[in-house]
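Engineer: Have a look at this one before I ask anything.
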Amino acid sequence: MNQLGLRRSNFYSECPLDRADNRRQDGDWLSQRLQAPDTRFVPLWRNRNLVDRLEGDPPRSAIFLNGDHYAALADVLEEGAIFLGEDSAKRSYFALDLAKLDLPDHHPVLAGLGHFADLRLFGPMLPQGEGALLAYARGMIYWHRRHRFCGSCGTATASDRGGHLRRCSNQDCGQQHFPRTDPAVIMLVHDGGDRCVLGRQANWPDGMHSTLAGFVEPGESLEEAVAREVEEEVGLKVSEVTYHSSQPWPFPSSLMIGFWARARGEALQVDTSEIESAAWYSRKSLVHSPEDESFRLPRRDSIARRLIEDWLAEAS
Ligand SMILES: [Zn+2]
């Protein structure tokens, strides 16, 4: 059990920073931390994080920038730095949006430091804390880029509170916009015995099968979203909807909320406009998954994999 009572934490959670919400409104303190010699900067370039990937090798660690890099990059930044928090050594971390650069790997300040790459392709290769920190930074930058204008009046917004608020610049409006994340339910449907339902979408890697999932709609509880999505996708009614755990999934902006649910029947009616196929699978067949193009379980960093593995472990 971890500190929060989970058997295992999900990848991209347990970011090692204190988010220090009480510091976000202290402009003087933030300015001071931007100049501090031990401050670390997490650069993002068009949804890609900076890592030590060498050609052909998976990355093993994140690359952070220092205050000298930050000063030298000031004129290419999109807005200011976004305060992420402090680590246990009281070092501050800020995210930087370098989207203006065309070829960041060749920029004189960045050349030779590492490579910008998509976290989704290598997340599980990193230490979990670094994966969580990079995901957090990526999610924040994504939110900023898509909230440049006020949803109420259409006027430009400006970053405030260390990047944790965007305020409409129209004084008659003044709407405050806060970072948001979209709740999605993801559920392993089982029969109360030895079988569970997995499905696949046509655009997934060959052979990959996973749990069902879908976005929560307005006016709907999480349990209702689970029941609705399962019925829509495979035609099953469910009961015993039980919370499992959750996972930040900023690809681009979701929070995955995981459940187990028991089917009240077994005949599947697959809606092929939503998923390509779905079927019942026994524990034995999943334990012996060939993990190849004929059949494979979802990626190791996903809560879907965790939902399946923990359900398999229930029987042992
Ligand atoms: Zn406005």
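Engineer: Using beta carbons and a limit of 9 Å, which pairs, at least six apart or on different chains, have the first residue in segment 167-180 and more than 7 Å from the ligand (Cβ to nearest atom) and open to solvent by 50 Å² or more (accessible area, probe 1.4 Å) and the second one of a type in the set (A, V, I, L, M, F, W, C) and assigned to a loop (DSSP other than H, G, I, E, B)?
Structural biologist: From residues that are more than 7 Å from the ligand (Cβ to nearest atom) and open to solvent by 50 Å² or more (accessible area, probe 1.4 Å), the pairs are ARG167/CYS150; SER169/CYS150; ASP172/CYS153.
Engineer: Okay, next question. Tell me which of these ALA184 doesn't satisfy, since it passes every other one: (1) under 22 Å from the mean Cα position of the chain (by Cα); (2) within 16 Å of the ligand (Cβ to nearest atom); (3) among the hydrophobic types (A, V, I, L, M, F, W, C).
Structural biologist: (2)
Engineer: Next up: Hey, any hits in segment 2-17 for a residue that's surrounded by 15 or more Cβ atoms within 10 Å (Cβ to Cβ), closer than 21 Å to HIS144 by Cα and more than 19 Å from the chain's Cα centre (by Cα)?
Structural biologist: Looking through segment 2-17, none of the residues is surrounded by 15 or more Cβ atoms within 10 Å (Cβ to Cβ), closer than 21 Å to HIS144 by Cα and more than 19 Å from the chain's Cα centre (by Cα).
Engineer: What are the residues in segment 111-152 that are over 18 Å from the mean Cα position of the chain (by Cα) and modelled with pLDDT under 95, if any?
Structural biologist: ALA111, GLY112, LEU113, GLY114, HIS115
Engineer: Filter segment 146-155 down to the residues that are more than 9 Å from the ligand (Cβ to nearest atom) and loosely packed, with under 13 Cβ neighbours inside 10 Å and list them by number. Please lay out each step first, then the result.
Structural biologist: In the first step, residues of segment 146-155 are kept if they are more than 9 Å from the ligand (Cβ to nearest atom); the result is 146-148.
ARG146 - this is the single residue of segment 146-155 that is more than 9 Å from the ligand (Cβ to nearest atom) and loosely packed, with under 13 Cβ neighbours inside 10 Å.
Engineer: Continuing with the same structure: Filter segment 35-51 down to the residues that are open to solvent by 50 Å² or more (accessible area, probe 1.4 Å) and either within 28 Å of SER253 (Cα to Cα) or among the acidic types (Asp, Glu) (or both) and list them by number. Please lay out each step first, then the result.
Structural biologist: Initially, segment 35-51 is screened for residues open to solvent by 50 Å² or more (accessible area, probe 1.4 Å), giving 35, 37-38, 40, 46-48.
ASP38, ARG40, ARG46, ASN47, ARG48 - these are the residues of segment 35-51 that are open to solvent by 50 Å² or more (accessible area, probe 1.4 Å) and either within 28 Å of SER253 (Cα to Cα) or among the acidic types (Asp, Glu) (or both).
Engineer: Name the residues in segment 221-259 that are under 23 Å from the mean Cα position of the chain (by Cα), crowded, with 16+ Cβ neighbours inside 10 Å and part of a loop (DSSP other than H, G, I, E, B), would you?
Structural biologist: PRO250, PHE251, SER253
Engineer: Here's something else I'd like to know. Return the only residue of SER210, SER302 being hydroxyl-bearing (Ser, Thr, Tyr), touching a Phe, Trp or Tyr at 6+ places or on another chain (Cβ under 9 Å) and open to solvent by 10 Å² or more (accessible area, probe 1.4 Å).
Structural biologist: Matching residue, one of SER210, SER302: SER302.
Engineer: Go through (1) of a type outside the set (A, V, I, L, M); (2) out of contact with any Cys (no Cβ under 9 Å at 6 or more places or on another chain); (3) open to solvent by 10 Å² or more (accessible area, probe 1.4 Å) for PRO104 and report which single condition fails.
Structural biologist: With (1) of a type outside the set (A, V, I, L, M); (2) out of contact with any Cys (no Cβ under 9 Å at 6 or more places or on another chain); (3) open to solvent by 10 Å² or more (accessible area, probe 1.4 Å) applied to PRO104, the lone miss is (3).
Engineer: Which of (1) closer than 19 Å to ILE63 by Cβ; (2) of a type outside the set (Lys, Arg); (3) at pLDDT 95 or above is the odd one out, the single condition THR155 does not satisfy?
Structural biologist: (1)
Engineer: Follow-up question, since we're still on this one. Quick one: would you say GLY162 is over 13 Å from GLU78 (Cβ atoms) and either loosely packed, with under 13 Cβ neighbours inside 10 Å or away from the ligand (no atom under 13 Å from the Cβ) (or both)?
Structural biologist: yes
Engineer: For the structure I just gave you, tell me whether SER210 is in contact (Cβ under 8 Å) with a residue 60 or more places away in the chain and polar (S, T, N, Q).
Structural biologist: Working: in contact (Cβ under 8 Å) with a residue 60 or more places away in the chain: yes; polar (S, T, N, Q): yes.
Judged against the criteria, SER210 is a match.
Engineer: How many residues are among the polar types (S, T, N, Q) and in contact (Cβ under 8 Å) with a residue 40 or more places away in the chain when one looks only at segment 22-73?
Structural biologist: Of segment 22-73, the ones among the polar types (S, T, N, Q) are 22, 25, 31-32, 35, 39, 47, 49, 61, 66.
With in contact (Cβ under 8 Å) with a residue 40 or more places away in the chain added as a condition, the list becomes 25, 39, 47, 49, 61.
Summing the residues that are among the polar types (S, T, N, Q) and in contact (Cβ under 8 Å) with a residue 40 or more places away in the chain in segment 22-73 gives 5.
The values are calculated or read from the model by the stated rules, or taken from the named source; none is laboratory data. Bear in mind the structure is a predicted one, so any value in this text is a computation, not a measurement. Note that we place each Cβ from the backbone using ideal geometry, even for glycine, and neighbour counts take in every protein chain shown. When the accessible area is computed, the model is the full protein with side chains, heavy atoms only, and any ligands, DNA or RNA have been set aside. Shrake-Rupley method; radii C 1.70, N 1.55, O 1.52, S 1.80 Å.
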